[in-house]
Amino acid sequence: MRRDVFQAIADPTRRRIISLLAGNPQHLNAIAEQFDVSRPAISKHIRILTECGLITIKKQGRERFCHTDLHQLREVHEWTEKYRTFWTSKLDALENFLTKDQGKKKSKH
Amino acid sequence: MDSQPIIIEKTINAPIEKVWTAITNRDEMKQWYFDLKEFKAEPGFEFSFTGGTETKTYLHHCKVMEVIPGKKISYTWRYEGEPGDTLVSFELTPDGNKTVVKLTHSGFETFTSGNPDLDKKNFVQGWNEIIGTSLKNYFEGKK
């Protein structure tokens, strides 16, 4: 099964886990307590998020702490930003084309 | 429900008729947009062109969907060999002697249609949340 950041964000529970953990590492039990779904279900979501590279698990004593690595989400962000940049530059080019054209005609008069 | 589109508005200091010609006439489009073999502002007209970044170019395939002469044109926008079919539209509104150009690019959720693991509705919701709020706050707050 393909694991990527797009799959990670496609599930509402995973999105909640991501926002819960952003900048606030927690251990597995603490995360599970905040959801109505079963602990194995949460473990599965955490595993998927780990496979997507959005969460890393670090052992501290007997507890396993989950940290987010939101760098991966940049992929999603950059992807739409690329289009935004592309269209902005195209509209700038359209403006240059039209106003340059206008200038030419004015100078002929 | 669609994923959040990209919408860009720009006021251009040119009358609406001139802007319309610039976005629908092949010879004018060539000078600021893409060099197309042929272009017709007619629903159903299909065109292809190569474009992209300096490092990688993509063959684009487009089909005109809607035309309101002098006001609006929209066409599909997809890439050769890639899933997904997005929609690009240009809408013109006069503002005195100037023209407001509204560019909308929507349908980004369709780029993942090749992945059967994704539930579309949920993906779109996640996409909007991530793109529209959390990521925006996260990255812009960090800067």
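The values are calculated or read from the model by the stated rules, or taken from the named source; none is laboratory data. Values in this document were obtained by computation on a predicted structure and should not be read as measured data. Neighbour counts are summed over all protein chains in view; Cβ atoms, including those assigned to glycine, are modelled from backbone coordinates with ideal geometry.
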Selection within region B:23-52 - over 16 Å from the mean Cα position of the chain (by Cα) and under 26 Å from A:T99 (Cα atoms): B:N25, B:R26, B:D27, B:E28, B:K30, B:Q31, B:D35, B:L36, B:K37, B:E38, B:F39, B:K40
query: Among (1) in contact with a Pro (Cβ under 8 Å, 6 or more places away or on another chain); (2) part of a helix (DSSP H, G or I), where does B:E28 come up short?
result: (1)
- prompt: Is it the case that region B:44-59 has a residue that's β-branched (V, I, T), within 14 Å of chain A (Cβ to nearest Cβ), touching a residue at least 24 places away in the same chain (Cβ under 8 Å) and at negative phi?
  reply: no
query: Residues of region A:33-48 being part of a helix (DSSP H, G or I) and either polar (S, T, N, Q) or touching a Lys or Arg at 6+ places or on another chain (Cβ under 6 Å) (or both), which ones?
result: A:S43, A:H45
task: Please work out if A:G53 is within 14 Å of the chain's Cα centre (by Cα) and either surrounded by fewer than 18 Cβ atoms within 10 Å (Cβ to Cβ) or away from every other protein chain (no Cβ under 14 Å) (or both).
output: yes
field: Pair list, Cβ < 7 Å and 6+ apart or interchain, from region B:13-40 residues that are free of Cβ contacts under 8 Å to residues at least 60 places away in the same chain and within 11 Å of chain A (Cβ to nearest Cβ) to residues that are among the acidic types (D, E) and in a helix (DSSP H, G or I)
entry: B:T21/B:E28; B:A22/B:E28
message: For region A:67-82, check the following and say yes or no: at least one residue is away from chain B (no Cβ under 12 Å), farther than 30 Å from B:T11 by Cα and either in contact with a helix residue (DSSP H, G or I) (Cβ under 6 Å, 6 or more places away or on another chain) or modelled with pLDDT of 85 or more (or both).
response: yes
statement: Contact list, first residue from region A:41-54 and farther than 14 Å from A:V5 by Cβ, second anywhere and among the polar types (S, T, N, Q), beta-carbon distance below 8 Å, six or more apart or interchain, is A:A41/A:T13; A:I42/A:T13; A:H45/A:T13
Pairs where the first residue, in region A:15-32, is over 17 Å from A:D69 (Cβ atoms) and part of a loop (DSSP other than H, G, I, E, B) and the second is modelled with pLDDT of 90 or more and β-branched (V, I, T), C-beta under 9 Å, 6+ apart: none
field: Hits in region B:95-117 - residues which are at pLDDT below 85 and touching a strand residue (DSSP E or B) at 6+ places or on another chain (Cβ under 8 Å)
entry: B:G107, B:F108, B:T110, B:F111
